[in-house]
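A short worksheet on the structure shown next.
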Amino acid sequence: MPAENTPKGHPATPLLDKIDSPADLKGLSDAQLTQVAHELRSETISAVSVTGGHLGAGLGVVELTVALHAVFDTPKDRLIWDVSHQCYPHKILTGRRDRIRTLRMKDGLSGFTKRSESPYDPFGAAHSSTSISAALGFAVARDLGGAPDHGLGDAIAVIGDGSMSAGMAFEAMNNAGHLKKRLIVILNDNEMSIAPPVGALSSYLSQLYAGAPFQEFKSAAKGAVSLLPPPLREGAKRAKDMLKHMTVGGTMFEQLGFSYVGPIDGHDMDQLLPVLRTVKDRAHGPILIHVITKKGKGYAPAEAARDKGHATAKFDVVTGEQKKAPSNAPSYTSVFAQALMKEAAKDDKICAVTAAMPDGTGLKQFAERYGSRCFDVGIAEQHGVTFCAGLAAGGMKPFCAMYSTFLQRGYDQVVHDVALQGLPVRFAIDRAGLVGADGATHAGSFDIAYLANLPGMVVMAAADEAELCRMVATAAAHDSGPSAFRFPRGEGVGCDLPEDAQPLEIGKGRMIREGSGVAILSFGTRLTEVEVACEALASKGIKPTIADARFAKPLDRDLILDLAANHEALITIEEGAVGGFGSHVAHLLAEEGVFDTGLKYRSMVLPDSFIDQASPRDMYDVAGLNAEDIEAKVLEVLGVTKLDAARA
């Protein structure tokens with residue numbers, strides 16, 4: 001794309017315009033590769049300003065992305081990005097630049113790596129700490145022959161320091177050190193994940209490049225020092241400076257069987273390129289390259305942001321000001337946080353735990369007020385759940401605040417350490433249902449099914465933000481076993497919030513509207529869509545009964561059996577997969593012999609498929625759970641055709 005033809009508002013990128021694939025980087029000089037990195041950063045900023053998305057992480061790995069694709073032979077060499085929210089520069093370089101301004105949109109590019117999208121995405125990801133395990137799998141498959149079309153290249157994992165805090169990363173390194181396969185792990189150390197990282201590992205990494213012993217090159221060092229280029233060899237313009245900051249031997253990573261190289265400046269191509277070239281040419285066995293980067297690098301508004309521009313709405317490139325739509329109601333997350341703080345003010349046994357998401361779960365506010373009772377365990381959901389179990393066993397009242405999609409990572413602990421022991425851990429499940437631009441990887445589709453099948457578990461879903469306040473109070477008061485309440489991403493419906501929320505009676509729903517013929521039993525925030533559908537049905541002479549279940553477990557048996565006995569048909573609706581609320585209702589009806597009476601029963605759930613990113617409303621259109629779909633389901637179950645309805 002010649003500079004004179006650069007679209008309005010796009011940066012001028014004369015060298016980048018010549019890059020259609022990583023192969024085009026091979027003939028460029030190191031100075032030209034540096035220039036490509038500058039242009040790539042500008043293009044990334046420009047694209048995300050249009051689409052919104054994860055900005056800071058990608059800006060931090062621009063030079064690393066260029067260097068990796070210039071040195072290695074992707075896609076034959078498998079480049080695996082951990083979490084992969086930093087992959088926008090990678091997508092631009094790998095033939096997807098013409099679609100980069102469709103990121104996270106319906107029918108557009110995914111905001112993460114995705115195997116079906118490109119051969120340059122060998123492994124999909126959006127959850128953390130999977131890259132080393134996957135890369136080791138590729139390395140072993142390579143050495144065993146694999147499928148012929150999979151090639152025989154290197155396996156390279158790029159993992160952030162936040163992701164390295166998860167146990168899975170160390171499980172993979174332990175196995176890799178034992179197998180001794182050639183495997184390249186790049187530790188992208190930016191002292192940030194989403195929030196500042198926590199724990200001993202973060203302190204350890206800081207010491208590796210801040211401690212005085214590591215400011216001198218150790219001439220007697222062992223291990224990976226043999227891989228390093230001597231002064232001026234292989235084009236290293238500042239090799240002497242680079243070697244001053246190299247340290248090997250005696251690191252935790254070496255104890256796990258890895259050769260260690262680093263730390264090196266991840267924004268200096270004169271350091272990155274020779275190290276990567278030497279590792280490519282000479283490495284044997286597993287090796288870890290410790291790269292220091294800066295999240296949000298090169299864009300002042302991102303660098304200045306507390307989260308380093310982790311995730312943004314559309315924004316003005318010049319000012320960095322985000323273009324957020326005006327809010328008419330508080331978010332469910334903020335309502336949860338405020339409700340939890342009210343409960344904590346009344347009960348000093350209440351504490352809160354999150355896994356590297358203090359902002360996303362609203363617990364930052366809680367931490368500011370009750371710092372000694374708020375714990376961020378890092379990206380370690382398994383530990384977080386069992387930590388909560390220990391807190392509960394020790395007499396505290398822990399609220400475990402996690403996204404539905406991330407709680408999946410701690411499921412064995414929910415079963416074995418919480419439910420089996422009947423411990424009163426309260427699970428506050430954010431991002432329930434379909435979440436929009438983050439797509440299938442972040443959808444909260446399965447928590448109803450995977451929690452409601454556990455003995456003794458209380459499972460609630462808030463229909464609106466006022467109900468959420470009541471469910472926080474309910475969980476705080478429920479001490480006889482574990483409980484969970486779920487709520488979606490985004491704004492509430494704008495209802496009045498209770499000043500002093502009172503606990504709900506466990507296992508009791510509520511009637512919303514009395515009708516006849518068909519009853520709709522809603523679990524969660526689809527209740528708003530149910531009410532819209534019923535307004536449309538009323539104009540056709542059909543007036544369904546509406547009820548809010550509140551609880552998937554224990555079920556309100558009396559309410560459900562009454563609805564079944566007094567209506568021709570019963571429809572349940574939920575923002576979850578098959579096997580959840582509707583399945584439990586069906587089981588109850590079957591056990592009670594209700595189906596023998598001729599009741600027509602339908603269960604509206606998420607489809608048996610993963611739904612790609614779009615707006616939440618578009619995703620629920622695909623799922624068939626919007627008001628129009630509910631209206632159509634009522635007509636279908638009553639045997640009313642659209643023509644009959646129109647005539648009515």
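Could you check how many residues of region 497-547 are touching an Asp or Glu at 6+ places or on another chain (Cβ under 9 Å) and of a type in the set (Asp, Glu)?
1
Report whether or not Arg526 is under 32 Å from the mean Cα position of the chain (by Cα) and under 14 Å from Met604 (Cα atoms).
Against the criterion (under 32 Å from the mean Cα position of the chain (by Cα) and under 14 Å from Met604 (Cα atoms)), Arg526 qualifies.
Quick one: Ala139 ticks every box in (1) outside any loop (DSSP other than H, G, I, E, B); (2) over 22 Å from the mean Cα position of the chain (by Cα); (3) farther than 30 Å from Gly167 by Cβ except a single one, so which number is it?
Among (1) outside any loop (DSSP other than H, G, I, E, B); (2) over 22 Å from the mean Cα position of the chain (by Cα); (3) farther than 30 Å from Gly167 by Cβ, Ala139 violates only (3).
Find the strands (runs of 3 or more DSSP E) located wholly in region 420-515 whose residues include 1 or more that are in contact with a Pro (Cβ under 9 Å, 6 or more places away or on another chain) and free of Cβ contacts under 8 Å to residues at least 60 places away in the same chain, and list them.
426-430, 483-486, 510-513
Considering only residues that are at pLDDT below 95 and in contact with a His (Cβ under 7 Å, 6 or more places away or on another chain), which ones fall in region 410-440?
Correct list: Val435 only.
If I go through region 281-304 residue by residue, how many of them are in contact with an Asp or Glu (Cβ under 7 Å, 6 or more places away or on another chain) and in a helix (DSSP H, G or I)?
0
Only residues that are over 16 Å from Thr405 (Cβ atoms), surrounded by 19 or more Cβ atoms within 10 Å (Cβ to Cβ) and at pLDDT below 95: list them for region 596-619, please.
Passing the criteria: only Ala614.
For region 431-445, give me each residue that is surrounded by fewer than 24 Cβ atoms within 10 Å (Cβ to Cβ), in contact with an Asp or Glu (Cβ under 9 Å, 6 or more places away or on another chain) and more than 16 Å from Val605 (Cα to Cα).
The answer is Gly436, Gly439.
Which number in (1) at pLDDT 95 or above; (2) hydrophobic (A, V, I, L, M, F, W, C); (3) more than 18 Å from Ala473 (Cβ to Cβ) marks the one condition that Ala401 misses?
Result: Ala401 passes all but (3).
Going through Asp612, Asp629, Asp608 one at a time, which residue ends up being charged (D, E, K, R), closer than 30 Å to Gly53 by Cβ and in contact with a helix residue (DSSP H, G or I) (Cβ under 6 Å, 6 or more places away or on another chain)?
None of the others qualify; the one that does is Asp612.
Just checking, how many residues over region 292-304 are within 18 Å of Ser46 (Cα to Cα) and touching a residue at least 24 places away in the same chain (Cβ under 8 Å)?
Qualifying residue count for the region: 6.
Confirm whether Pro482 is surrounded by fewer than 24 Cβ atoms within 10 Å (Cβ to Cβ) and assigned by TED's automatic domain parsing to the domain that holds Ser404.
no
Taking region 530-579, which residues are closer than 13 Å to Gly517 by Cα, of a type outside the set (Ser, Thr, Tyr) and in a strand (DSSP E or B)?
If the condition is that a residue be closer than 13 Å to Gly517 by Cα, of a type outside the set (Ser, Thr, Tyr) and in a strand (DSSP E or B), then Ile546, Ala569, Leu570, Ile571 are the ones that fit.
How about region 305-342: which of its residues are crowded, with 19+ Cβ neighbours inside 10 Å and either assigned to a strand (DSSP E or B) or without any contact (Cβ under 8 Å) to a residue 12 or more places away in the chain (or both)?
Answer for region 305-342, where residues must be crowded, with 19+ Cβ neighbours inside 10 Å and either assigned to a strand (DSSP E or B) or without any contact (Cβ under 8 Å) to a residue 12 or more places away in the chain (or both): Ala311, Thr312, Phe315.
Take the conditions surrounded by 15 or more Cβ atoms within 10 Å (Cβ to Cβ), closer than 27 Å to Phe487 by Cβ and either in contact (Cβ under 8 Å) with a residue 60 or more places away in the chain or among the aromatic types (Phe, Trp, Tyr) (or both) and apply them to Leu625. Does it pass?
The answer is yes for Leu625.
Just give me the residues in region 360-391 being within 22 Å of Met471 (Cβ to Cβ) and either in a loop (DSSP other than H, G, I, E, B) or basic (Lys, Arg) (or both), in sequence order.
Passing the criteria: Gly360, Thr361, Gly362, Lys364, Arg369, Tyr370, Arg373.
Quick check on region 66-83. Is at least one of its residues of a type outside the set (Phe, Trp, Tyr), surrounded by fewer than 17 Cβ atoms within 10 Å (Cβ to Cβ) and in contact with a Leu (Cβ under 8 Å, 6 or more places away or on another chain)?
yes
Which ones in region 166-180 are assigned to a loop (DSSP other than H, G, I, E, B) and more than 25 Å from Gly266 (Cβ to Cβ)?
Once the filter is applied, which keeps residues that are assigned to a loop (DSSP other than H, G, I, E, B) and more than 25 Å from Gly266 (Cβ to Cβ), region 166-180 yields only Lys180.
Just give me the residues in region 104-150 being of a type in the set (Val, Ile, Thr) and surrounded by fewer than 19 Cβ atoms within 10 Å (Cβ to Cβ), in sequence order.
Val140
Restricting to region 560-607, give me the number of residues that are within 26 Å of Pro455 (Cβ to Cβ) and under 30 Å from the mean Cα position of the chain (by Cα).
Looking only at that region, the number is 16.
Go through (1) over 20 Å from Gln35 (Cα atoms); (2) surrounded by fewer than 22 Cβ atoms within 10 Å (Cβ to Cβ) and name the single condition Lys294 misses.
(1)
Would you confirm whether any residue within region 20-30 is surrounded by fewer than 22 Cβ atoms within 10 Å (Cβ to Cβ), over 32 Å from the mean Cα position of the chain (by Cα) and either under 24 Å from Val317 (Cβ atoms) or of a type in the set (Asp, Glu) (or both)?
Scanning region 20-30, I find at least one residue that is surrounded by fewer than 22 Cβ atoms within 10 Å (Cβ to Cβ), over 32 Å from the mean Cα position of the chain (by Cα) and either under 24 Å from Val317 (Cβ atoms) or of a type in the set (Asp, Glu) (or both), so the answer is yes.
Would you confirm whether any residue within region 583-600 is in contact (Cβ under 8 Å) with a residue 40 or more places away in the chain, in a loop (DSSP other than H, G, I, E, B) and in contact with a strand residue (DSSP E or B) (Cβ under 9 Å, 6 or more places away or on another chain)?
No; the residues of region 583-600 include none that is in contact (Cβ under 8 Å) with a residue 40 or more places away in the chain, in a loop (DSSP other than H, G, I, E, B) and in contact with a strand residue (DSSP E or B) (Cβ under 9 Å, 6 or more places away or on another chain).
Anything in region 393-411 that is in contact with a strand residue (DSSP E or B) (Cβ under 7 Å, 6 or more places away or on another chain) and either surrounded by fewer than 21 Cβ atoms within 10 Å (Cβ to Cβ) or over 16 Å from Cys374 (Cβ atoms) (or both)? List them, or say none.
Those that are in contact with a strand residue (DSSP E or B) (Cβ under 7 Å, 6 or more places away or on another chain) and either surrounded by fewer than 21 Cβ atoms within 10 Å (Cβ to Cβ) or over 16 Å from Cys374 (Cβ atoms) (or both): Met396, Tyr403, Ser404, Thr405, Leu407.
Among the residues of region 26-80, which ones are among the charged types (D, E, K, R) and without any contact (Cβ under 8 Å) to a residue 60 or more places away in the chain?
Lys26, Glu39, Glu43, listed by residue number.
One line per residue, one yes/no per condition, for (1) among the hydroxyl-bearing types (Ser, Thr, Tyr); (2) on the phi > 0 side of the Ramachandran plot:
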| position | (1), (2) |
| --- | --- |
| Gly53 | no, yes |
| Glu63 | no, no |
| Val71 | no, no |
| Thr74 | yes, no |
| Asp98 | no, no |
| Gly108 | no, no |
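Select from region 62-114 the residues that are among the polar types (S, T, N, Q) and either part of a loop (DSSP other than H, G, I, E, B) or not assigned by TED's automatic domain parsing to the domain that holds Glu43 (or both) and list them in ascending order.
Residues satisfying the conditions are Thr74, Ser84, Gln86, Ser110, Thr113.
The values are calculated or read from the model by the stated rules, or taken from the named source; none is laboratory data. Just so it is clear, the structure is predicted and the values come from calculations on it, not from any experiment. Cβ coordinates were reconstructed from backbone atoms using ideal geometry, including for glycine residues, and neighbour counts include every protein chain displayed.
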